[in-house]
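Just so you know, all these numbers are worked out from the coordinates, no wet-lab data involved. None of the values given here were measured: they were computed from a predicted structure. Counting neighbours? That spans all protein chains shown, and the Cβs are built from the backbone with ideal geometry, glycine included.
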Amino acid sequence: MQSPLIKKLIEAFTCLPGVGNKSAQRMAYFLLERNREGGEQLAEALVAAMNGVKHCSRCRDFTEDDLCGICNSQARDNSLLCIVESPADVFAIESTASFKGKYFVLMGHLSPLDGIGPEDLGLDQLKRLVDEEKPVEIILATNSTVEGEATAHFISEMLKKNEVVLSRIASGVPLGGELEYIDGGTLMHSLSGRQPYRR
């Protein structure tokens, strides 16, 4: 008979994406058998993060303060605004060290079937931000999924009256990719979004 505490621990791990019952069981037993100190550190870090991390009042990214480090930075370019779906997207772009503008995080994408509408993505807040800060260019960096494309289109329509350049992140064949292994949808997208060849 499994201990109620172990059962509760296993069930807690299954809340993570991609973690089924077997994986959760392995993690729980690993911590109990071999790394109780690591388990305690994990528990402390989780409690601290759940209680201390909130949303930036400007861009909605995760932060411990009212404004995140990027929004608070004087070194960032206020004329560039990149719209992404999640804080993980901000992290991915920042890891390239190639973007010096600011962000707005939607915390999802439009999905009528799941009941996610414009109000859930903070689009009214985005509109106010664009009206007040008047960026020169807005980069729509939502995912290249049906929902991501629909969200990008909705935002572009919403900002039609603003004097701002709207651009969409390029998508298609990855660097080092071979055409014969690329799926048809990706190839079609890369062909329709082709750019002039720089000589």
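For MET1 and SER79, compute 0.36 nm times the residue count separating them, minus their Cα-Cα distance, and round to one decimal in nm. Please list the in-between numbers first.
Details: separation 78, 0.36 × 78 = 28.08 nm, distance 6.18 nm.
Length difference between fully extended and current span is 21.9 nm.
When all alpha carbon pairs of the range 4-52 are counted in 10 Å bins from zero, the resulting P(r) reads 26, 54, 20, 0 %. Helix 146-158 versus the longest principal axis of the chain: what angle, 0 to 90°, nearest 10, using Cα atoms? Compared with the principal axis, the helix lies near 50 degrees.
Distance cut-off 25 Å, Cα to Cα: go down the list LYS7/LYS54; LYS54/LYS160; LYS100/LYS134; LYS102/LYS161; LYS102/LYS160 and report the pairs above it. Please report the intermediate quantities before stating the final value.
Working: LYS7/LYS54 30 Å; LYS54/LYS160 31 Å; LYS100/LYS134 17 Å; LYS102/LYS161 21 Å; LYS102/LYS160 20 Å.
Check vs 25 Å cut-off fails for LYS7/LYS54; LYS54/LYS160.
Counted by Cβ distance under 12 Å from ASN78, the other residues give a net charge of +1, where Lys and Arg count +1 and Asp and Glu count -1.
Please give me the summed charge of the neighbours of ALA92: other residues whose Cβ is under 14 Å from its Cβ, Lys and Arg +1, Asp and Glu -1. Can you show the working numbers first?
Values: positive: none; negative: ASP61, GLU85, ASP89, GLU94.
Net of charged neighbours comes to -4.
All other residues whose Cβ lies under 12 angstrom from that of CYS68 are scored, Lys and Arg at +1 and Asp and Glu at -1, for a net of 0. Between VAL173 and LYS100, the FRET efficiency estimated from the beta carbon spacing at R0 = 22 angstrom works out to 0.25.
Residues considered: VAL130, VAL47, VAL105. Largest GNM mean-square fluctuation over the chain, using C-alpha springs under 10 Å, is found at VAL47. Look at the dipole of the range 53-169 built from charges on Cβ: of GLN74, PHE91, LEU140, the Cα furthest out on the positive end belongs to GLN74.
A simple spin-label model places pseudo-atoms 7 Å from Cα toward Cβ; at LEU16 and ARG128 they are separated by 3.7 nm. The dipole here belongs to the chain: it is taken about the Cα centre, uses +1 on the Cβ of Lys and Arg and -1 on the Cβ of Asp and Glu, and is about 300 debye. Evaluating 6.51 cos²θ - 1.76 cosθ + 1.60 at θ = phi - 60° for every residue in the range 110-123, the Karplus couplings come out as 4, 7, x, 5, 9, x, 9, x, x, 5, 6, 9, x, 5 Hz, glycine and proline recorded as x.
I'd like the GluC sites (Glu not before Pro) in the range 54-134 restricted to DSSP loop residues with at most 12 other Cβ atoms within 10 Å, sorted by number. Walk me through the numbers on the way to the answer.
On the way: sites: GLU64, GLU85, GLU94, GLU119, GLU132, GLU133; in loops: GLU64, GLU85.
Answer by residue number: GLU64.
Dividing the convex hull volume of the alpha carbon atoms of the range 63-168 by its residue count gives 109 Å³ per residue. By the helix-only formula, in which each DSSP H run with n ≥ 4 contributes -39500 (n - 2.57) and the sum is divided by residues, the chain has a 222 nm mean residue ellipticity of -13000 deg cm²/dmol.
For the chain, the alpha carbon convex hull comes to 212 Å³ per residue, rounded to a whole number. Say we join alpha carbon atoms closer than 10 Å with springs in a Gaussian network model of the chain; which of GLU149, GLU44, GLU11 then has the biggest fluctuation? Sorting by GNM fluctuation, first place goes to GLU11.
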